[in-house]
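Below is one structure, written out as structure tokens, with a few remarks after it.
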Amino acid sequence: MSLLRLLFNIAWFVLGGFVMGLAWWLAGLLCFISIIGIPFGRACFVIGELAFWPFGQEHVNRRVLHGHEDLGTGPLGFVGNLVWFFLFGIWLAIGHLVHALGCFITIIGIPFGIQHLKLALLSLTPIGRTVVPVRD
């Protein structure tokens with residue numbers, strides 16, 4: 001990890017990433033209440049880690065990454081994303097949008113606002129996606 005990524009991640013964590021990462025982990029804990037929600041909860045913890053330290057990581061479609069469809073990238077993944085959207089996705093997206101607007105107020109906050117927008121889009125349909133390191 002480069003020094004610049006480390007500095008951005010530390011600033012991100014202090015200036016709002018901690019709050020949204022906890023929100024993702026709270027959603028994950030709520031998903032673990034039922035057996036059906038366990039895959040959703042696992043996704044929440046993976047994306048929550050991305051919400052804590054987003055610089056140097058990106059989210060990609062698992063179908064593109066692995067070259068074949070799996071349970072989360074097929075029709076069941078679509079249904080899962082619909083359920084997710086109404087239960088948690090919309091609320092996490094609103095949280096990221098509010099943080100993004102706060103970041104866009106200053107010029108220095110623009111990179112943080114862009115990351116919040118990326119996470120807001122991811123929070124709407126996270127099933128079938130995974131987090132990987134950014135290729136330099």
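What follows draws every value from the coordinates through simple rules; no lab data is involved. The structure displayed is predicted, hence computed values, not measured ones. Here the Cβ positions follow ideal geometry from the backbone for every residue, glycine too, while neighbour counts run over all protein chains shown.
One decimal place: the segment Phe13-Ile114 gains 34.9 nm when fully extended, by the rule 0.36 nm per residue minus the C-alpha distance. What's the angle, to the nearest 10 degrees (0 to 90), between helix 3-12's Cα axis and the longest principal axis of the chain? That helix lies at roughly 80 degrees to the long axis. Protection proxy ranking of 98-110, 80-92, by the mean of other Cβ atoms within 10 Å over each peptide's residues and highest first, is 80-92, 98-110.
Using a simple spin-label model with pseudo-atoms 7 Å out from Cα toward Cβ, Leu124 and Leu3 lie 3.9 nm apart. Sites listed here are GluC sites (Glu not before Pro) in the range 1-107 whose DSSP assignment is loop and whose Cβ has at most 14 other Cβ atoms within 10 Å: Glu69.
The distance between label points at Val132 and Val79 comes to 2.8 nm (points 7 Å beyond Cα on the Cα→Cβ vector). Counting every Cα pair in the chain, what percent are over 22 Å apart? Within the chain, distances greater than 22 Å cover 36 percent of Cα pairs. Residues whose amide H falls under 5 Å from that of Glu58, counting only those 5 or more places apart or on a different chain, are Val132, Val134, with hydrogens built in the peptide plane.
Per residue, the average separation of C-alpha pairs within less than 8 Å and at least 6 apart gives the range 3-133 a relative contact order of 29 percent. Coupling constants for the range 13-26 follow from the phi torsions by the Karplus curve (6.51 cos²θ - 1.76 cosθ + 1.60, θ = phi - 60°), and in residue order they are 4, 6, 9, x, x, 4, 5, 6, x, 5, 4, 4, 5, 5 Hz; glycine and proline get x.
A Förster radius of 30 Å, combined with the Cβ-Cβ distance separating Ile105 from Ile33, puts the computed FRET efficiency at roughly 0.20.
Each residue of the range 46-55 was assigned a 3J(HN,Hα) from its phi angle through the Karplus curve 6.51 cos²θ - 1.76 cosθ + 1.60 (θ = phi - 60°); the sequence is 5, 6, x, 5, 4, 5, 6, 9, x, 6 Hz, with glycine and proline shown as x.
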